[in-house]
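Worksheet: one structure, shown below.
The values are calculated or read from the model by the stated rules, or taken from the named source; none is laboratory data. These numbers were taken from a predicted model, which means no experiment stands behind them. All Cβ positions, glycine included, derive from the backbone under ideal geometry; neighbour counts span all protein chains shown. Protein only, heavy atoms only, side chains kept; ligands, DNA and RNA dropped before computing areas. Shrake-Rupley method; radii C 1.70, N 1.55, O 1.52, S 1.80 Å.
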Amino acid sequence: MLRKPLLLAIDDEPGMLALIQRFAGPAGFDVVTNGSAKDAMARLAELPADVALVDLRMPDIGGLDVLRAIRETHPQCQVILMTAHAAVDSAIEAVKLGALDYLSKPLDFDRLKDLLSSAREDIERRAALLSAENETAHRLELCGLIGRSTVMQELFGLVRRIAPHARAALVTGETGTGKEGIARAIHQLGPRRQRRFLTINCSAVVETLFESELFGHVRGAFTGATEHKTGLFEAADGGTLFLDEIGELPAAVQAKLLRVLESGEVQRVGSLQAKKVDVRVVAATNRALREEAEAGRFRNDLYFRLNVVELHVPPLRERREDIPYLVAAFVREFAAKFQKPVEGVSLTAERLLMMADWPGNVRELKNVLERACMLAEGRCLTERDVERCLPAAPPRAASAPSASSSGTDLRSLERQHILKVLHEERGNKRAAAAKLGLSRRTLYRRLERHDITT
Amino acid sequence: MSERPRDPAPCGRLGDTEFEHTLRNQIAIVIGYCDLLLQEIRQDDPLRRDVVEMHKAASTAIAMLRDQGESV
């Protein structure tokens, strides 16, 4: 059962504390009151307050100092300040320090009720999010992959539909989006789940060893082949072979792979004997493989053979609504791994994570949270914990050249690059020229040629 | 018998900020209890009229204090 949220009330007027208790108790809160700000601050660490109602003007310590201390100790705690003397400057300061609201006395109970119930909903939402036993979360997951957004739910639906049938599939998406996870899900949900799932990263294999890795070799096939070796196709017989970064596959190996896919037979290097294999191939790439094939850099026939079904994994920036769920899952994972009492992230930290660009997608988010959890000290990751683990913001992407932009000829690339460097150097031509490796005169000539006015 | 107040009331007069602050807080407590009672007492309960009167008087006192503060 969920515990009741804890409300901490701090005011030097006992009558006011009794009044708050009388109101907030029936509203579903456990209420702890303290008539001394000093004493309350000394006990903050042992009071896991969810909401605090703090008087602004107290004889020993001011409410703003209490607010600062609470933000420090319990960043997830929502603080409401109360005052008998409303003043604009202290109200602004309170909001700057992250107070939820600023109420004047006599208290407006309707407003307080709204604030408390929205705070309570927020607490319950976060508790549900963090609960590993959450039924809905499991229903919406796919083999451990998290995605409640429509695009991901559509992708999961497609995976479920094709998994029992497809012999080959192509997973596309930017780096870090979770292409291997999708490949594993296809394997898990298909009839081969009891058999092996093997992976090879095509960008990590030396060109001369590719054939031997994929198809195996016999003793004496080449210098150094002192033993027989089973290739990945044979090892994965009956199961699934995942070819990551398929776009990096050398042309000669592409031809051989195509033959294996078409005939269902492999031949070890140095052997004349062909062996039947039954392997489901899932390939993945972060390149635009169709364009690569059209440009002749990837075999067209192999592309069509692999692309029986194409599954596109969207970048994280196109499914930001999934971020809170991913964050909750990663925090849970790393808190357990590092044996830290971290339970979640503060509201401001969550906002920061929601707004980041994530060029490295889910993998980058995971790495940031791993670092943040490793360094964290409290129950809750604060904005500062997260901020120090986020990479420095890159210059605005709008002016940066991108491989998919329409103008990819050298001239427009040069123009875009000059614009980008000028932007980074805030229009300072001397600095931009130095960065571009040009003299100032040359830079001026290029600006003129490209019709760039600054 | 009613309880005695915890401390003797601070000596002061209108125009003294500390004194006004304490007074405002005390009246805010009265108004707060009246608000809670008014939410709980049924519309046709004769006690309701008494609470409304208390609320009215305390609100007038707070307004007077506010005017006083502004005129200083």
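Can you tell me which of A:L8, A:L44 is more than 14 Å from chain B (Cβ to nearest Cβ), in contact (Cβ under 8 Å) with a residue 12 or more places away in the chain and not in a helix (DSSP H, G or I)?
On inspection, the qualifying residue turns out to be A:L8.
Being within 11 Å of chain B (Cβ to nearest Cβ) and either under 38 Å from the mean Cα position of the chain (by Cα) or part of a helix (DSSP H, G or I) (or both) is the filter here, so list the residues in the stretch A:73-113 that pass it.
A:L103, A:F109, A:D110, A:L112, A:K113
Quick check on the stretch A:166-199: of everything there that is β-branched (V, I, T) and surrounded by fewer than 19 Cβ atoms within 10 Å (Cβ to Cβ), which residue is nearest to the chain's Cα centre (by Cα)?
A:T175
Among the residues of the stretch B:13-25, what is the count of those that are without any contact (Cβ under 8 Å) to a residue 40 or more places away in the chain and either charged (D, E, K, R) or within 7 Å of chain A (Cβ to nearest Cβ) (or both)?
The total comes to 5.
Within the stretch A:100-116, is there a residue that is open to solvent by less than 40 Å² (accessible area, probe 1.4 Å) and on the phi > 0 side of the Ramachandran plot?
no
So, in the stretch A:11-28, of the ones that are outside any helix (DSSP H, G or I) and touching a residue at least 40 places away in the same chain (Cβ under 8 Å), which residue ends up farthest from the other protein chains (Cβ to nearest Cβ)?
For the stretch A:11-28, the residue satisfying everything is A:G28.
Please list, ordered by first then second residue, the pairs with beta carbon atoms under 8 Å, 6 or more apart or interchain, first in the stretch A:237-266 and free of Cβ contacts under 8 Å to residues at least 40 places away in the same chain, second not in a helix (DSSP H, G or I).
That search, which allows pairs on different chains as well, returns A:S263/A:A274; A:G264/A:K276; A:G264/A:V277; A:G264/A:D278; A:E265/A:A274; A:E265/A:K275; A:E265/A:K276; A:E265/A:V277.
Give just the number: which of (1) surrounded by fewer than 19 Cβ atoms within 10 Å (Cβ to Cβ); (2) modelled with pLDDT under 85; (3) more than 14 Å from chain B (Cβ to nearest Cβ) does A:D65 not satisfy?
Only one criterion is unmet by A:D65, namely (2).
So which residues in the stretch A:29-41 are of a type outside the set (D, E) and outside any helix (DSSP H, G or I), if there are any at all?
Once the filter is applied, which keeps residues that are of a type outside the set (D, E) and outside any helix (DSSP H, G or I), the stretch A:29-41 yields A:F29, A:V31, A:V32, A:T33, A:N34, A:G35, A:S36.
Those residues that are open to solvent by 20 Å² or more (accessible area, probe 1.4 Å), in contact with a Leu (Cβ under 9 Å, 6 or more places away or on another chain) and facing another protein chain (nearest Cβ under 9 Å), I need them from the stretch B:30-42; list them, please.
B:Y33, B:D35
Quick check on the stretch A:306-322. Is at least one of its residues touching a Cys at 6+ places or on another chain (Cβ under 7 Å) and either modelled with pLDDT of 90 or more or open to solvent by 20 Å² or more (accessible area, probe 1.4 Å) (or both)?
no
Taking A:K229 as the residue in question, decide whether it is free of Cβ contacts under 8 Å to residues at least 40 places away in the same chain, surrounded by fewer than 16 Cβ atoms within 10 Å (Cβ to Cβ) and in contact with a strand residue (DSSP E or B) (Cβ under 8 Å, 6 or more places away or on another chain).
It is false that A:K229 is free of Cβ contacts under 8 Å to residues at least 40 places away in the same chain, surrounded by fewer than 16 Cβ atoms within 10 Å (Cβ to Cβ) and in contact with a strand residue (DSSP E or B) (Cβ under 8 Å, 6 or more places away or on another chain).
Look through the stretch A:285-301, keep the residues that are within 20 Å of A:R259 (Cα to Cα) and over 32 Å from the mean Cα position of the chain (by Cα), and return whichever of them is surrounded by the most Cβ atoms within 10 Å (Cβ to Cβ).
Going through the qualifying residues, I end up with A:R299.
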